[in-house]
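Take a look at the structure set out below.
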Amino acid sequence: MPELPEVETVRRTLADVVTGRKITAVQVFLPRLLKNAVPQVFGHTLTGRVITSVVRRGKYLRLVLDGDKDLLVHLRMTGSLIYMPADSGIPGTAHIVFTLDMGILVYCDVRTFGCLWLVPKTGKTGIKGYDELGPDATDPAFTIDYVWPLLHKSRRTVKAFLLDQTVVAGLGNIYADEALFAAGIRPSRRCHGITKRELIALKKAIDDVLADGIAYGGTTIRDFVNGSGREGENSENLAVYGRQGRPCPRCSTKIAYVKQGGRGTHYCPHCQK
Ligand SMILES: [Zn+2]
């Protein structure tokens, strides 16, 4: 699933080409991707609107428009939003096509778990996962002072804590595993047993793995592509995620893989205490 660096990569690649463009037509080939509008209302609301910016919060992408509503998108497992020149033709895999006054914006989704909503410009959206998001992992509000009291009183595992989008928005399985490795913390550790010194290391590790992920254009395991249709190159930087049975880059111990709270979890049994 695309996480913060992947969605941020999509945001950046799209912002360059769609900002200032007008939506001139909308075609919906798979109506169930729209979560709070029928295709007719969806198309009517968006047609004629100008995209004024593209913003991101956690794993959500928001196309800010000049009308009453914005377009909110969650790519879930395999969604992609790709800008193409007008003459490239509509790909056969397209589920939604936004024709712009220059080019087309195409939503494709192999597993069709993605979600698109029309949302008001301010206030609550009524979308539970969105309205309850904690601070973005790249937001200055995500500080040690903010996390420490939440961590200290939690009896969950630190991995589950990091994946909780109401605590911090944007981390998923890949970057949580990578950050815990970089900080030397075992994913199964209980939050209340983590020291402040360890939290400081973890916060720095989160900052670093996300910055790397963004700098390398996101991690492509299978399906992820950016807003230009290109794969990310961060998978080469991964130390533990997807590397079970292979040597730890630090100590050469075999990377372990366990299911923890239903999520595949990768760690080094030697380096992570
Ligand atoms: Zn190791």
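What the table below lists for this structure:
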quantity: Simple label model, 7 Å out from Cα along Cβ direction - residue 12 to residue 76, nm; calculated: 2.8
quantity: Alpha carbon convex hull of the chain, projected area averaged over orientations, nm²; calculated: 14.3
quantity: Cα convex hull of the range 144-267 - mean projected area over all directions, nm²; calculated: 7.9
quantity: Tensor-based shape of the range 1-100 (alpha-carbon gyration tensor, a/c under 1.5 rounded, otherwise prolate or oblate); calculated: rounded
quantity: Span from the the range 17-54 Cα centroid across to the the range 93-149 one, whole angstrom; calculated: 15
quantity: Within the chain: Cβ-based charge dipole about Cα centre, in debye rounded to nearest 20 (Lys, Arg +1; Asp, Glu -1); calculated: 1220
quantity: Residue 224 - accessible surface, heavy atoms, 1.4 Å probe, Å² rounded to 10; calculated: 20
quantity: Surface accessible to a 1.4 Å probe, residue 55 within the full protein complex, Å²; calculated: 60
quantity: Per-residue ³J(HN,Hα) for the range 50-67, Karplus 6.51 cos²θ - 1.76 cosθ + 1.60, θ = phi - 60°, Hz, x for Gly and Pro; calculated: 9, 7, 8, 6, 10, 10, 9, 9, x, 9, 9, 10, 10, 8, 7, 10, 7, x
quantity: Label-point separation, residue 36 to residue 258 (7 Å along Cα→Cβ), nm; calculated: 4.0
quantity: Of 35/196; 128/254; 124/259; 59/153, pairs whose Cα-Cα distance is over 31 Å; calculated: 35/196; 128/254; 124/259
quantity: Sequence of 266, 95, 192, 152 when ordered by accessible area, the most exposed leading, probe 1.4 angstrom; calculated: 152, 192, 95, 266
quantity: Sequence of 148, 117 from largest to smallest accessible area, 1.4 Å probe; calculated: 148, 117
quantity: Among beta bridges that DSSP assigns inside the chain, antiparallel share in %, nearest 5; calculated: 95
quantity: Antiparallel DSSP beta bridges within the range 4-131, percent to nearest 5; calculated: 95
quantity: Helix-derived mean residue ellipticity, 222 nm - over the chain, DSSP H n ≥ 4, -39500 (n - 2.57), to 500; calculated: -8000 deg cm²/dmol
quantity: Pairwise FRET efficiency - residue 121 versus residue 29, Cβ, R0 = 35 Å, nearest 0.05; calculated: 0.80
quantity: Area accessible to solvent at residue 77, 1.4 Å probe radius, in Å²; calculated: 80
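The values are calculated or read from the model by the stated rules, or taken from the named source; none is laboratory data. The structure presented is a predicted model; accordingly, all values stated were derived computationally and were not measured. Note that each Cβ is placed from the backbone with ideal geometry, even for glycine, and that neighbours are counted across all protein chains shown. Note: areas computed on protein heavy atoms with side chains; ligands, DNA, RNA excluded. Shrake-Rupley method; radii C 1.70, N 1.55, O 1.52, S 1.80 Å.
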